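The block underneath contains the structure these notes are about, expressed in structure tokens.
The values are calculated or read from the model by the stated rules, or taken from the named source; none is laboratory data. Quick caveat: nothing in here was measured; it's all calculated off a predicted structure. Note that each Cβ is placed from the backbone with ideal geometry, even for glycine, and that neighbours are counted across all protein chains shown. SASA here: full protein model, heavy atoms, side chains in, ligands and nucleic acids out. Shrake-Rupley method; radii C 1.70, N 1.55, O 1.52, S 1.80 Å.
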Amino acid sequence: MTEYENRRVVGQVKEVTSLANPLVKDIKALALKKFRDSQNAFMAEGLKLIIDALDLGWQIRTLVFAKAGRGNPVVEKVAARTVAAGGTVLEVSEKVLSAITRRDNPQMVVGVFSQKYMALKDVRPKNGDVWVALDRVRDPGNLGTVLRTVDAVGAKGVILIGDTTDPFSLETVRATMGSVFAVPVARATPDTFLSWRKNFPGLVVGTHLKGAVDYRSVDFSNRPVLLLMGNEQQGLPDDLANGCDRLLRIPQAGRADSLNLAVATGVMLFEIRRGALTLEDRS
Ligand code: SAM
């Protein structure tokens, strides 16, 4: 008997085919923010992403995989890691996996992880560190794309200000392409953010359609930088804009009023991190 078959026998791997199974119902319920919050959990899809999450120390509660994964050594290794971490492994039918992920062609593997936020007081940037603060970001695709971009440029993390979309929703997690596990996220009310900001040891730049300064004219080097981005509909409110050292604008031509939030964040981050990024050899 293989180690995996052993686990099945001792009940560490459960086979589930019914949508009425209570474990499956609980995982499906994670589609709702109310349940994600009460369970302090969220779902992520894809084998590579789950392996990365485990490597980065995220706590896995449940691993769900399609029957087709049985015998796949990589899946079985992840299953063994899940059991070793005290989690449950479910081997399910494709119908169950589709229902959990709400997709017709689901990934073969889904993981349920504990949520994790960084406390704002623990965000203590050093020279060269870049943090992004997002004011009331609404769109899960934007938040996911910002997290992915923050990861890609080697910025340190994201602070969510006010009432924002959930970084642990399935849509946001999908849009991060795994970066949700690599980028620390802190949360703050506008007031706690503004009082924390008073001790920020570097440059705080906001982006604003009325900003007087061209973003390309600023020297971002050799100090911590905090980049503050406004809400998709309303932009930065006055209290947050007044809390910035400088308000920057990305020049535009053409008829568009503004850039998409995630695009504007990307443009800013690549400028701020320009000196730190080199083309690595991928040949
Ligand atoms: N109607 C909103 C406004 O009046 O600000 C548009 C918000 S825009 C879609 C979302 C955010 O992206 C802005 O708050 C700002 O942070 C940033 N942004 C977009 N285009 C920008 C630009 N050309 N210059 C500076 N920031 C920009």
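Here are a few things to note about the model shown:
- Karplus-derived 3J(HN,Hα), 6.51/-1.76/1.60, for each residue of the range 113-124, Hz, glycine and proline x: 10, 6, 5, 8, 10, 8, 6, 4, 5, 8, 7, 10
- Annotation: the antiparallel percentage among DSSP beta bridges lying fully within the range 120-276 is about 5.
- Expressed to the nearest 5 percent, the antiparallel share of DSSP beta bridges inside the range 3-114 is 55 percent.
- Bridge orientation summary for the chain: considering DSSP beta bridges with both residues in this region, about 25 percent are antiparallel.
- Ligands, DNA and RNA left out, the accessible area of the chain computed with a 1.4 Å probe is 49% carbon and sulfur.
- Computed over the range 3-114: relative contact order in percent, which uses C-alpha pairs under 8 Å that are six or more apart: 40
- Packing here is the average count of other Cβ atoms within 10 Å per residue, and on that basis the peptides 52-58, 254-260, 62-68, 224-230, highest first, run 224-230, 62-68, 52-58, 254-260.
- Taking max minus min of the alpha-carbon positions on each principal axis, the range 200-249 gives extents of 33, 22, 16 Å, largest first.
- log10 of Debye I(q)/I(0), alpha-carbon scatterers only, for the range 81-232 at 0.09, 0.19 Å⁻¹: -0.36, -1.20
- When the listed pairs 126/156; 33/156; 33/67; 33/198; 25/77 are checked against a 22 Å cut-off, the alpha-carbon distance exceeds it for 33/156; 33/67; 33/198; 25/77.
- Surface per residue (accessible, 1.4 Å probe) for the range 120-276, Å²: 46
- Working note: Debye formula, equal point scatterers on the alpha-carbon atoms of the range 3-114, no solvent; log10 I(q)/I(0) at q = 0.15 Å⁻¹ is -0.57.
- Distances between placed amide hydrogens fall under 5 Å for residue 16 paired with 91, 92, 93, all partners being 5 or more residues away or on another chain.
- Where only DSSP H runs of four or more residues are counted, the chain gives -9500 deg cm²/dmol as its mean residue ellipticity at 222 nm, each run worth -39500 (n - 2.57).
- Cα-based helix-to-principal-axis angle, 140-153 vs the chain, degrees rounded to 10: 80
- For the chain, the relative contact order is 18 percent, taking Cα pairs closer than 8 Å that sit 6 or more residues apart in sequence and dividing their mean separation by the residue count.
- Comparing mean-square fluctuations of 95, 48, 210 from a GNM of the chain with C-alpha springs under 10 Å, the top value falls on 210.
- Under the combined filter of DSSP loop state and at most 14 neighbouring Cβ atoms within 10 Å, the range 112-194 retains these chymotrypsin sites (Phe, Trp or Tyr not before Pro): 117.
- Cα radius of gyration and Dmax for the chain (Å): 21.3, 70
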